[in-house]
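Below you'll find the structure, written out as structure tokens, and then a few comments.
The values are calculated or read from the model by the stated rules, or taken from the named source; none is laboratory data. Everything quoted here is computed from the prediction, not taken from an experiment. Cβ: placed from backbone, ideal geometry, glycine included. Neighbour counts: every protein chain shown.
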Amino acid sequence: MKKMKTALTLCFVALLIAATPTKTVYDFTVKDIEGKDVSLGQYKGKVLLIVNVASLCGNTPQYKDIEALYEKYQSKGLVVLGFPANNFGAQEPGDNKEIKEFCTKEYAVKFPMFSKISVKGDDMAPLYTYLTHKSENGTTEAKVTWNFQKFLIGKDGQVITSFTPRTKVTETDVVSAIEKALAN
């Protein structure tokens, strides 16, 4: 009987290990807004808020609050990562130079911005495949439905949750989730 319990325990542990995703956001290399490769591994130990952004969207004014959030929590370990995408209503038509200029001039964005990518469809960026598919991230299935969808990543590089495009970063549930992630 004791051998059977031990065998069952070992099987259970093996199943848990197999079910735990080994991939994290740290495994991805992306291009920054200047076109240079950036390993997301440089953010190990930080809490990340990954946002697909657009310059001509009704949600574009969220840049102001996202930048304010970044400035407030940066010293505590939060990094916001902005990924321009033109998947919804052609609301990010510019090139990387135009996007950077817009974000800097209109919203004084200082958080890291990355090269324009696709966040849905056949040409979806590998990072977004990871963020949106539970089979990849082990946590959540979260189809990107519009510009300014937000993904909260823990210090371990794992997806904690996502927030809809209309959810503002000033809302209590977003702030609470970020503060909890920073405290862990």
Just a yes or no: is a residue in the range 171-180 hydrophobic (A, V, I, L, M, F, W, C) and surrounded by fewer than 18 Cβ atoms within 10 Å (Cβ to Cβ)?
-> yes
Mind listing whichever residues of the range 98-119 are in a loop (DSSP other than H, G, I, E, B), under 14 Å from the mean Cα position of the chain (by Cα) and buried (at least 18 other Cβ atoms within 10 Å of the Cβ)?
-> F111, P112, V119
Search result, residues across the range 127-156 that are of a type in the set (V, I, T) and closer than 21 Å to G45 by Cα = T139, T140, I153
Restricting attention to the range 69-97, which residues are in a strand (DSSP E or B), under 16 Å from K31 (Cα atoms) and of a type outside the set (G, A, S)?
-> V80, L81, F83, P84
From G58, G89, grab the single residue that is touching a Cys at 6+ places or on another chain (Cβ under 9 Å) and either on the phi > 0 side of the Ramachandran plot or surrounded by fewer than 19 Cβ atoms within 10 Å (Cβ to Cβ) (or both).
-> G89
Only one of (1) of a type in the set (S, T, N, Q); (2) modelled with pLDDT of 95 or more; (3) outside any strand (DSSP E or B); (4) surrounded by 15 or more Cβ atoms within 10 Å (Cβ to Cβ) does not apply to S162, and that is (3)
Residue among T170, T140, T145 that alone is of a type in the set (S, T, Y), in a loop (DSSP other than H, G, I, E, B) and within 13 Å of the chain's Cα centre (by Cα) | T140
Could you tell me whether the range 121-132 includes any residue that is in a helix (DSSP H, G or I), among the acidic types (D, E) and either more than 19 Å from C57 (Cα to Cα) or more than 18 Å from the chain's Cα centre (by Cα) (or both)?
-> no
Which listed residue, of K2, K23, K72, is at pLDDT below 95, more than 29 Å from S135 (Cα to Cα) and not aromatic (F, W, Y) | K2
